[in-house]
Amino acid sequence: MEDCLAKKMEITVSEAEKRTGRNAMNIQETYTAYLIETRAVESQSEGQCAPVESLWRRYSEFELLRNYLLVTYPHIVVPPLPEKRADFVWHKLSADNMDPDFVERRRIGLENFLLRVASHPVLCQDKIFYAFLTQESGWKEMVNETGFQLKADSRLKALNATFRVKNPDKRFTELKHYSDELQSVISHLLRVRARVADRLYGVYKVHGNYGRVFSEWSAIEKEMGDGLQSAGHHMDVYAASIDDILEEEEHYADQLKEYLFYAEALRAVCRKHELMQYDLETAAQDLTSKKQQCEELATGTVRTFSLKGMTSKLFGQETPEQREAKIKVLEEQIQEGEEQLKSKNLEGRDFVKSAWADIERFKEQKNHDLKEALISYAVMQISMCKKGIQVWTNAKECFSKM
């Protein structure tokens with residue numbers, strides 16, 4: 001971790017800007033660009049700060065970077081991006097992806113994504129990631145030149161592997177089930193939080209009605225007027241504070257959403273392992289089949305029914321020369337298949353070793369982050385309750401002085 005990029009470079013997404021331009025189809029569109037600022041962390045002995053370098057990136061470029069990382073490092077739980085459009089929001093909050101509050105939260109999420117990658121012991125060393133931070137022009141061409149799209153496994157192939165793997169690794173099967181359950185639990189928690197936020201908004205706004213009523217009442221009371229006016233003021237202040245509280249709530253929700261999306265990153269690792277296991281089993285089956293064919297040709301016996309066997313019976317046996325030629329070809333294919341199977345076995349073992357090490361790193365990170373987020377949420381709720389008690393305590397004092 002001492003060598004990770006986050007220790008050597010300060011990375012911030014400092015600004016978001018609404019822009020208009022033309023896309024690949026030459027259609028005018030409105031999009032948001034984000035200003036990435038980086039600065040090398042100089043040693044204390046040098047006594048001076050390095051200059052800040054900056055460049056603009058669109059959300060689609062962040063997506064391209066993450067897709068590249070997913071394909072290039074299939075054994076790693078790649079950090080997720082913040083949502084492109086707002087989800088799990090309470091109804092008073094805008095779900096428009098151009099809404100300034102949403103854009104601001106997404107800016108924070110994009111900065112968090114970059115810091116996650118820069119802090120990862122493997123991902124931080126990637127040259128494409130470094131170029132994303134430092135090289136504005138020509139970066140997309142650099143990514144496409146890696147040919148990562150050709151390595152990407154199709155969803156159909158991944159689905160096929162899921163259903164056809166005969167000997168799945170129990171650990172990855174359990175991890176996939178865990179990720180599904182994690183996503184389900186966090187989704188439910190976010191829906192509940194949205195409903196709580198909606199009701200909370202209503203409670204605070206009702207206090208604003210209290211303030212208005214007390215103020216109107218104070219206008220017709222001579223002796224009680226000052227007390228009613230003061231109580232109304234406390235209610236108004238309390239009602240106005242809801243906007244800051246709900247903004248803090250949304251930041252808490254964004255922390256949970258990150259792990260909602262991390263669940264899909266876990267499944268991506270599981271899918272890659274299933275594909276590798278499926279390829280391994282297919283190669284082993286193909287090798288067994290070729291060995292059987294070779295044995296049948298050498299002994300002249302056919303163990304299983306085949307169209308070739310029926311053809312031989314109907315039109316006569318092959319000559320010894322033809323049989324020897326076929327045996328030689330099969331022996332070469334068997335040798336090649338054994339080497340390929342050995343290579344796939346080694347690749348599979350290396351994948352499992354690397355993947356499980358990163359999964360353990362992720363679990364430690366997840367436990368720490370979710371613990372901190374839930375504690376912060378509890379502290380915020382306690383603080384809100386104390387404010388409510390204080391408002392009514394102040395109102396009580398105002399009423400007592402009437």
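The values are calculated or read from the model by the stated rules, or taken from the named source; none is laboratory data. This one's a predicted model, so the numbers in the text were calculated from it and none came from an experiment. Glycine gets a Cβ as well: all are built from the backbone with ideal geometry, and neighbour counts include every protein chain shown. Protein only, heavy atoms only, side chains kept; ligands, DNA and RNA dropped before computing areas. Shrake-Rupley method; radii C 1.70, N 1.55, O 1.52, S 1.80 Å.
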- Query: If you scan the stretch 127-152, which residues turn out to be within 20 Å of Glu37 (Cβ to Cβ), touching a residue at least 40 places away in the same chain (Cβ under 8 Å) and assigned to a loop (DSSP other than H, G, I, E, B)?
  - Reply: Gln135, Glu136
- Say whether the condition of being open to solvent by less than 100 Å² (accessible area, probe 1.4 Å), at pLDDT 90 or above and among the acidic types (Asp, Glu) is met by at least one residue in the stretch 234-244. yes
- Message: Looking only at the stretch 23-32, filter to residues that are modelled with pLDDT of 80 or more and surrounded by 10 or more Cβ atoms within 10 Å (Cβ to Cβ); which one of those is nearest to Glu111 (Cα to Cα)?
- Response: Thr32
- Message: Could you list, ordered by first residue, the pairs with Cβ atoms under 8 Å in which the first is in the stretch 100-113 and modelled with pLDDT of 90 or more and the second is β-branched (Val, Ile, Thr) and open to solvent by 20 Å² or more (accessible area, probe 1.4 Å), at least 6 apart or interchain?
- Response: Glu111/Thr12
- Task: Run down Glu347, Glu339, Glu397 and say which single residue is touching a helix residue (DSSP H, G or I) at 6+ places or on another chain (Cβ under 9 Å), closer than 30 Å to Arg171 by Cα, at pLDDT 85 or above and open to solvent by 60 Å² or more (accessible area, probe 1.4 Å).
- Result: Glu347
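Please state which one of Glu264, Glu281 is open to solvent by 10 Å² or more (accessible area, probe 1.4 Å) and either among the aromatic types (Phe, Trp, Tyr) or under 30 Å from Ala197 (Cα atoms) (or both).
Glu264
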- Query: Do you know which residues across the stretch 196-244 are over 20 Å from Lys386 (Cα atoms) and assigned to a loop (DSSP other than H, G, I, E, B)?
  - Reply: Ala219, Ile220, Glu221, Lys222, Glu223, Met224
- Query: Among all residue pairs at least 6 apart or on different chains, which show Cβ distances below 8 Å where the first residue, located in the stretch 187-210, is over 30 Å from Leu228 (Cα atoms) and modelled with pLDDT under 90 and the second is surrounded by 12 or more Cβ atoms within 10 Å (Cβ to Cβ) and of a type in the set (Val, Ile, Thr)?
  - Reply: Ala194/Val89
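If you check Thr20, Thr38, which single one turns out to be modelled with pLDDT under 90, farther than 23 Å from Tyr259 by Cβ and in a strand (DSSP E or B)? Step through it out loud before you land on a result.
Values: Thr38 fails: modelled with pLDDT under 90.
One residue alone meets the criteria, Thr20.
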